[in-house]
Structure formats: C-alpha cells, structure tokens
Amino acid sequence: MLVTAEQLLSRNGKPVDLSAEHRVTGKSDAVKSEVQRVTDAGGWIEDGRVCDLIAVSRAFGGPLLQAHLVSTSWQRNLSKRAYEFLILATDGLWDVLSSKEAVKIARDAFQKQRSPEDIAGLLTERAYRKYSSDNVAVVVVDLGGPPGGWKASKPTGGLRGLFQ
C-alpha cells in the first residue's frame, strides 16, 4: 500500500501549507526538484508517474519503489502563533480542493460548532462530490480556533427552519 498526505494549518482563516505537492507533473520549481530527485535515484517519469507506476513522488509502504520514493516530507519549524486548526489529508482531497477552499469549508463548519470529526466527513464528502478519482482520507485537528475560541457565526438572514 502506498500512502501520501499533505497538511495545512489555518491562521486567521488563511491557509498555511506545511507540505508541498508530491507530484512529478507540472511546471513549478517543486515539481522540477522532485523529478530531478527521482531521476538522480535511478528512477524515471513516464506518463506522469514515477517508474510508470505511481503519480506521487513521496510515499511510504511501497517496497517495489523504495529506491525511487522517499517517505520524508519537507519540514518546516513553526513558532507559536494563533493557528486555528490542522487538516491532514491524502491527495484524493487535494486533487479536487484547493487549500483555500478546504480552510473555508472547515472554518465555516467550526463556526457552526461542528466537531473535527464532522468536518473531516464534510471535506471527504465534498471531494467525492467533486469526483475525486483517488482515495480520500482526512483528519482535522482543532487547535483552539482564533483568539477567543470558536464563536458561532451569525445567521445571514432568511429562513432558519420551522422549529427553531
């Protein structure tokens, strides 16, 4: 089994990416660096896949590709700041949702007093509704929310239900 995950934090409603895409397709400097790392290790890229088998360049659990993949991710040291929550998810989520979209969905749900487990489910459902073709696993960790904690958002008007 091969697994890859990317993670981000939310700070004041803005995404703070803690990892880079582990891809070998595209034109970014990170992609060029990954392609170089794979080829330096004796691997190759064919049809956007490492050794024509897997679409990510950093994963763990794949004995056939261990020489060409690495399981360590980019690392970043973070000072203490007012981070609201953490989202850790497999590429099935990030294939169809941007960091900004994921933070908005999660933040809106936290403001409605939803649990991290519920929010992980919301993100997973959204990925499948957007036709993610990969497996989707999501973990959401509440880091206390914005200064003062999570406050329920005010209704924007309109009907709120018959029995409230």
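The values are calculated or read from the model by the stated rules, or taken from the named source; none is laboratory data. On a predicted model such as this, the values are computed, not experimentally measured, just so you know. As a convention, Cβ positions derive from the backbone with ideal geometry for all residues, glycine included, and neighbour counts pool all protein chains shown. Each accessible area value is taken on the protein alone, full model and side chains, heavy atoms only, with ligands, DNA and RNA left out. Shrake-Rupley method; radii C 1.70, N 1.55, O 1.52, S 1.80 Å.
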Area of Arg37 that stays accessible when all protein chains are in place (1.4 Å probe, Å², to 10): 50
Burial ranking of peptide ranges 89-100, 137-148 (average Cβ count within 10 Å, highest at the top): 89-100, 137-148
Ranking by accessible area, most exposed first, for Val50, Val35 with a 1.4 Å probe: Val35, Val50
